[in-house]
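Reading through the C-alpha cells given below for one structure.
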Amino acid sequence: MSGRHTRRFDRQLAALTRRFPQLGRFAAILQGRPWVLVRLPLGLLLIGGGFLAILPVFGLWMIPLGLVILAIDLPVLRPFVSNIIIRLRRKWAVWQHKGR
C-alpha cells in the first residue's frame with residue numbers, strides 16, 4: 001500500500017514541476033537523499049510560519065508547501081498530500097477553463 005501512495009505522490013510532484021518549471025530544479029535538489037536533515041526542519045518551519053499569516057512576510061501559502069516537503073520523508077502524509085494536490089489541480093483546470 002505504501003508503494004502505491006509513493007508512486008502517486010511522485011506523479012503529483014512531477015505534474016507540479018511540469019506545470020511550474022521553475023519549481024523543478026528546486027524539487028529535484030530537495031528530493032536528494034543528503035537533504036533529509038534539511039527537509040524536516042524546513043517543512044516544520046514553513047508550517048509554523050504559515051500559522052503566523054497575520055505578519056507581512058508570512059502567509060498561508062507556507063502550510064501546503066511545508067506539508068509537501070514533509071511528505072517526501074513521512075509516508076503517512078503522502079496519501080493526504082497527494083489527494084490535496086489532485087483536488088487543487090482539478091480546481092485550477094476548471095478555473096482556467098471558465099476564464100476562456
- [ ] Output the residues belonging to segment 1-52 that are of a type in the set (Phe, Trp, Tyr) and under 13 Å from Val68 (Cβ atoms).
- [x] Phe9, Phe20, Phe26
- [ ] Using the structure shown, decide if Leu42 is surrounded by 10 or more Cβ atoms within 10 Å (Cβ to Cβ), within 20 Å of Phe20 (Cα to Cα) and free of Cβ contacts under 8 Å to residues at least 40 places away in the same chain.
- [x] no
- [ ] Test Arg78 against the criterion of being within 28 Å of Gln96 (Cα to Cα), basic (Lys, Arg) and within 13 Å of the chain's Cα centre (by Cα), and give yes or no.
- [x] yes
Open item on the list: For Leu16, only one of the following conditions fails: (1) touching a residue at least 40 places away in the same chain (Cβ under 8 Å); (2) not in a helix (DSSP H, G or I). What is its number?
Closed with: (2)
Task: Contacts under 7 angstrom Cβ, first residue in segment 51-64 being under 21 Å from Ile85 (Cα atoms), partner part of a loop (DSSP other than H, G, I, E, B) and of a type in the set (Asp, Glu), 6 or more apart - done: none
Open item on the list: Condition first: of a type in the set (Val, Ile, Thr) and in a helix (DSSP H, G or I). Can you find one or more residues in segment 33-43 that meet it?
Closed with: yes
Task: The lone exception for Trp61 - which of (1) farther than 23 Å from His5 by Cα; (2) at pLDDT 90 or above; (3) under 11 Å from the mean Cα position of the chain (by Cα) it fails - done: (2)
Open item on the list: Just to be sure I understand, how many residues within segment 19-32 are surrounded by 12 or more Cβ atoms within 10 Å (Cβ to Cβ), hydrophobic (A, V, I, L, M, F, W, C) and either free of Cβ contacts under 8 Å to residues at least 24 places away in the same chain or not in a helix (DSSP H, G or I) (or both)?
Closed with: 2
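Within segment 65-79, how many residues are without any contact (Cβ under 8 Å) to a residue 24 or more places away in the chain and surrounded by 13 or more Cβ atoms within 10 Å (Cβ to Cβ)?
Going residue by residue through segment 65-79, those that are without any contact (Cβ under 8 Å) to a residue 24 or more places away in the chain are 65, 74, 76-77.
Restricting the remaining residues to those that are surrounded by 13 or more Cβ atoms within 10 Å (Cβ to Cβ) gives 65, 74, 77.
Residues in segment 65-79 being without any contact (Cβ under 8 Å) to a residue 24 or more places away in the chain and surrounded by 13 or more Cβ atoms within 10 Å (Cβ to Cβ): 3 in total.
The values are calculated or read from the model by the stated rules, or taken from the named source; none is laboratory data. Treat the numbers as computed from the prediction; the structure is a model and nothing was measured. Note: ideal-geometry Cβ built from the backbone for every residue, glycine included; neighbour counts use all protein chains shown.
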